[in-house]
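See structure below.
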Amino acid sequence: MIIGRLLGNRYEILEQVGGGGMSLVYRAKDIYLNRIVAIKILRAQLTCDEEFVARFRREAQAVASLSHGNIVSIYDVGQEDETHYLVIEMIEGRNLKEIIREKGALPINEVVDITKQICDALEHAHEHHIIHRDVKPHNIIITNYGKAKVTDFGIARAVSTATVTHTGSIMGSVHYFSPEQAKGEIADEKSDIYSLGVVLYEMATGVLPFESDSPIGVAIKKINNDPIPPRQKNPEISEALEKVILTAMATEPAARYQSIHQLRQDLVSAYLYNKVEYEQTAKKTTEDTITLPKLNKRERKGNSLSTPLKIWAWIIIGLIIAGFVIGMYLSATVLARGEVNVPNIVEFSIDDARTALESAQLSLEVASNVNHPVIAQGRIVSQEPKADIVVKKNTKVSVVVSQGPSMVTVPDVLNSSLLSAEVTLSNAGLLVGEITRAYHSQIPTGQVIHQEPIAGQEVIQGTQVILIASKGPEPVWIKMPALTGLTSEQAKTMLQNYNLILGVVQPETSYRYTKDVVIRQDPAQDSEILQGSTVNLIVSSGPGPTSRQATVTVSMPNSGTIKIIVEDDRDRNVAYEHYHYSGETVERYVNYFGSGFIEVYVDNKLIQRRAVG
């Protein structure tokens, strides 16, 4: 039982998530690094072949050196008893074949986006002299976020040497093999280009270019026939995109794109401008080809046969002598050199690397110098051939040497918006790290109030810059002011003074309050409210209160000034003010609206106050 088993005393098998002709795939937990990984366990019929296992390990170790966002990373290669396994990056998503089966032909923009990502992965591998050899939708995983991840790099080379029959696996791959692979020839970069062309054809049309009941039938068709033009399957494909697909799928390697980079450029050009930049032409037999005539039967009669026999005898003797000489030369030179394993010299100093190589009867050659964020200056970043590859003695090992990390100056992003800060940091070769938020009394919400490292500091390119963004002023609890009876403008000014926000203003018919006067408020007066909160108002749309009349009578024992003040639903105003003499009886009619109070003053002394309405 594999579930629950601990491989290499490190990887706990949790569940099976898939399988193919080469392996079964399990979700596992790396208990050392506390992360989820995928484990590919080779099928038993493969592990019985020692030559295959050795080649498989070499291929996996070579591919493990690849580091690219569109390539599924290989973390480890291991063996426990008869179990051989790969530890790879765990990707949450579906393979491209499943998506095509579900959707059929994909939208052209999606086709172009996925193909560009596959191109980037293959170009990175080809730059490191690694050929995939089995590019097909089954080996392309689309994550839940739409990112394409290519897997099983170089493993096809190991599988091709093993004496294993697995019809499903062969049938799944033969649709995508290049014609030269179908004929048993050696695969190279152009073989990957052909296979990618088939994947591109299938994504754009929803069908495969060649179909048959058997793998041999598919192989024969692709060797002898051209595919049906994809536009006949999907008219939405442009002429330029069709040309890209058919160029990638040319039967003759010389007629295909010469590199993945060319294919990617033409793909983008076809999508954006409906044109291509690269035109390939296959080499064909010309009129200068010499055709040897057949030997006439009559020439074989009689004594004429002796002359050709003598000529052929001398030719055969000459070939034997030449072969003997060449064999002696090879024995004395090339074969005498022997073979050795290339040692791992990554992160060695130049002197230490040269010593290690000389001990293995190899020599060192510096190819270039590059900046590296981790490896110290003067130490080796990469080597070619890779470690553990078997090569002839005295082979030159080409190395790339670190110049140390590339340093950049941190720009000033204070008072910038978060989006602007991210663009500025990205242009400077830096990354946005953790973003936190804090209150600030002066800097508006969403703007940067602190950065770490600070502006002007020299840091390694790719360093993360931690940002703190403003949440605006810290809110304060206050009592809600009274707005009822104020005009809408007066209420708005009051809200601004209390750092509150005017929300919905809804009109309502009122016979008590005049037009544009606040009738009600939400929240209510004197309730607890945070500064910065929203306040909604109900405002009178009229017609307001009707005018009424009241009689005011005042007897004057002494001379003085009479002042009558009316306070009603509209406002508070002086309705009457005049000087009168002793003994007079003053009678006045005053108007009021709604309800309120009438106050009578003599020489500013209140002598009467009564309610009205």
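The values are calculated or read from the model by the stated rules, or taken from the named source; none is laboratory data. Predicted model only: the values in this text are computed from it and were never measured. For neighbour counting, all protein chains shown are included, and Cβ atoms are generated from backbone atoms with ideal geometry for every residue, glycine included.
Observations on the structure shown:
- Just one of the numbered conditions (1) surrounded by 13 or more Cβ atoms within 10 Å (Cβ to Cβ); (2) assigned to a helix (DSSP H, G or I); (3) not assigned by TED's automatic domain parsing to the domain that holds residue 535 is not true of residue 491: (3).
- Here the strands (runs of 3 or more DSSP E) wholly within the range 357-456 that include at least 2 residues being hydroxyl-bearing (Ser, Thr, Tyr) are 363-370, 396-402.
- Looking only at residues of the range 78-130 that are of a type in the set (Gly, Ala, Ser) and not in a helix (DSSP H, G or I), we find that the one that is farthest from residue 193 (Cα to Cα) is 78.
- Every residue from the range 420-438 that is small (Gly, Ala, Ser) and either within 18 Å of the chain's Cα centre (by Cα) or closer than 16 Å to residue 470 by Cβ (or both): 420, 421, 426, 429, 433, 438
- Helices (runs of 4 or more DSSP H) wholly inside the range 220-338 containing at least 1 residues that are at pLDDT below 85 and surrounded by 12 or more Cβ atoms within 10 Å (Cβ to Cβ): 306-332, 334-337
- Among the residues making up the range 10-32, those that are in a loop (DSSP other than H, G, I, E, B) and modelled with pLDDT under 85 are 20, 21, 22, 32.
- Residue 136, sole failed condition from (1) of a type in the set (Lys, Arg); (2) surrounded by 18 or more Cβ atoms within 10 Å (Cβ to Cβ); (3) under 17 Å from the mean Cα position of the chain (by Cα): (3)
- Cβ pairs under 7 Å, 6+ apart, first in the range 468-484 and closer than 18 Å to residue 443 by Cβ, second outside any loop (DSSP other than H, G, I, E, B) and aromatic (Phe, Trp, Tyr): none
- The condition of being within 30 Å of residue 205 (Cα to Cα) and either assigned by TED's automatic domain parsing to the domain that holds residue 139 or modelled with pLDDT of 85 or more (or both) holds for only one of 72, 37, that being 72.
- Flag if residue 108 is in the same structural domain as residue 136 (by TED's automatic domain parsing), touching a Leu at 6+ places or on another chain (Cβ under 8 Å) and either crowded, with 16+ Cβ neighbours inside 10 Å or free of Cβ contacts under 8 Å to residues at least 12 places away in the same chain (or both): yes
- Restricting the range 532-562 to residues that are in a loop (DSSP other than H, G, I, E, B) and under 14 Å from residue 613 (Cβ atoms), the residue that is farthest from the chain's Cα centre (by Cα): 546
- The residues listed here are 410, 465, 448, 397; of these, the one that is closer than 30 Å to residue 365 by Cα, at pLDDT 90 or above and among the aliphatic types (A, V, I, L, M) is 397.
- Qualifying residue in the range 518-531 (condition: hydrophobic (A, V, I, L, M, F, W, C), at negative phi and loosely packed, with under 15 Cβ neighbours inside 10 Å): yes
- Filter pass, residue 465 being under 25 Å from the mean Cα position of the chain (by Cα), of a type outside the set (D, E, K, R) and in a strand (DSSP E or B): yes
- Considering 406, 441, the condition of being loosely packed, with under 13 Cβ neighbours inside 10 Å and free of Cβ contacts under 8 Å to residues at least 60 places away in the same chain is satisfied by 441 alone.
- Of all the residues in the range 403-419, those that are under 18 Å from residue 471 (Cβ atoms) and in contact with a Pro (Cβ under 7 Å, 6 or more places away or on another chain) number 0.
- Some residue of the range 452-472 being surrounded by 13 or more Cβ atoms within 10 Å (Cβ to Cβ) and closer than 30 Å to residue 524 by Cα: yes
- Filtered by the rule that a residue be within 14 Å of residue 196 (Cα to Cα), out of contact with any Leu (no Cβ under 7 Å at 6 or more places or on another chain) and hydrophobic (A, V, I, L, M, F, W, C), the range 211-255 gives 241, 246, 249, 250.
- Residues that are small (Gly, Ala, Ser) and modelled with pLDDT of 90 or more are absent from the range 506-521 altogether.
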